[in-house]
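To start, the structure itself, in structure tokens.
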Amino acid sequence: MAGAPMMTQQTLQAAKIAVNGVTKTFTLGRERFVALDNVSLSIAENEFVTVVGPSGCGKSTLLNILAGLEEPSGGSALVDGVPVSGPGPDRGVIFQQYALFPWLSVRKNVEFGLKIAGVPARERRERADYFIEVVGLTEFADALPKALSGGMRQRCAIARAYAVNPAILLMDEPFGALDALTRVKLQEQLLAAWDREKRTVLFITHDVDEAVFLANRVIVMAARPGRIFDVIEVDLPYPRTEQVRLSPEFAAMRNRVWNAVYHQ
Ligand SMILES: Nc1ncnc2c1ncn2[C@@H]1O[C@H](COP(=O)(O)OP(=O)(O)OP(=O)(O)O)[C@@H](O)[C@H]1O
């Protein structure tokens, strides 16, 4: 499939996230490099969308545009029908490197954004403790990040993103640095939190299994220029249990996505 068609005004307004004909070019010396070429997509409220594709196909650039960290060179990115003009509390961003403050405990890390937002101390503590429980870190609420494993630090980063109550979570390879078992457990925990809290999620990964396991819909991107190659609906039931992961339907879906990534 080539670049997705432009969306109508009506689709743009109904979508939680709408990307309409976005192009992003970078200039390197005298060369102009097209990182994103006419990318259009629409994500409904509370949908979980994953993005896979080869290195350099523009996945992070797309996420950064939605986060308000980069500006498109052409086209528009909209949240609730309003063009993104910078970072905002409606969008929580989680990167591969868990950006925790090393001198603050888990609880203080999770409370941090709430403090900035002026939430009173008692409510801050209650909200932080709730999300620390959601990600299974209650026992470590008073620990410093250095006392946590990589997976636990990433759970803390997820709790921190959830605590400020963003409607949208933008996740760029959040589990990329973790071992396979921790990764699978965090996928399950993330889905459990998503099921409880509901958020609109855009999740970037290199891992086809992860992309299928998490998503309502997988967006497959291609490189040179970065563009949407295919969009695949994942027709598997939630909750996505181990049974789902081991099912022939999951294997078939994974093969489909893998084929799109590999044979593009
Ligand atoms: N600030 C920048 N200046 C110049 N080129 C850039 C910049 N940011 C990204 N690029 C280029 O744009 C292309 C897309 O980069 P991007 O990081 O979005 O890809 P990606 O799909 O996320 O890659 P990966 O999977 O390796 O993280 C790459 O070729 C990259 O070199």
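The values are calculated or read from the model by the stated rules, or taken from the named source; none is laboratory data. Quick caveat, the model's predicted, so the values are computed rather than measured. Virtual Cβ from ideal backbone geometry, glycine too; neighbours counted across all protein chains shown.
Assigned to a loop (DSSP other than H, G, I, E, B), in contact (Cβ under 8 Å) with a residue 24 or more places away in the chain and either away from the ligand (no atom under 12 Å from the Cβ) or surrounded by fewer than 17 Cβ atoms within 10 Å (Cβ to Cβ) (or both): does that describe Pro72? So Pro72 passes the test. All but one of (1) surrounded by 17 or more Cβ atoms within 10 Å (Cβ to Cβ); (2) among the aliphatic types (A, V, I, L, M); (3) not in a loop (DSSP other than H, G, I, E, B) hold for Val119, so report the exception by its number. Condition (3) is where Val119 drops out. Look at the stretch 28-44: where a residue is closer than 11 Å to Ala77 by Cβ and a partner is near the ligand (Cβ under 10 Å from one of its atoms) and basic (Lys, Arg), sitting 6+ places away or on another chain with Cβ atoms under 8 Å, you get Leu36/Lys24. Restrict the check to the stretch 124-142 and report whether at least one residue is of a type outside the set (A, V, I, L, M) and in contact with a Pro (Cβ under 9 Å, 6 or more places away or on another chain). No: zero hits.
Filtering the stretch 210-228 to residues that are buried (at least 20 other Cβ atoms within 10 Å of the Cβ) and either within 16 Å of the ligand (Cβ to nearest atom) or more than 27 Å from Asp179 (Cβ to Cβ) (or both) leaves Glu210, Ala211, Val218, Ile219, Val220, Met221, Ala222, Gly226, Arg227, Ile228. Residues considered: Ser60, Ser55. Of these, the only one that is near the ligand (Cβ under 10 Å from one of its atoms), closer than 18 Å to Arg91 by Cβ and hydroxyl-bearing (Ser, Thr, Tyr) is Ser60. The criterion of being assigned to a loop (DSSP other than H, G, I, E, B), under 15 Å from the mean Cα position of the chain (by Cα) and crowded, with 21+ Cβ neighbours inside 10 Å holds for Pro174. Taking the numbered list (1) of a type outside the set (D, E, K, R); (2) farther than 24 Å from Gln154 by Cβ; (3) within 16 Å of the ligand (Cβ to nearest atom) in turn, Gln97 passes all entries but (2).
Within the option set Ala35, Ala44, Ala15, being within 11 Å of the ligand (Cβ to nearest atom), in contact with a Ser or Thr (Cβ under 8 Å, 6 or more places away or on another chain) and at pLDDT 90 or above holds for one residue only, Ala35. Is the stretch 78-90 home to any residue that is within 11 Å of the ligand (Cβ to nearest atom), touching a residue at least 24 places away in the same chain (Cβ under 8 Å) and touching a helix residue (DSSP H, G or I) at 6+ places or on another chain (Cβ under 9 Å)? No, the conditions are met nowhere in the stretch 78-90.
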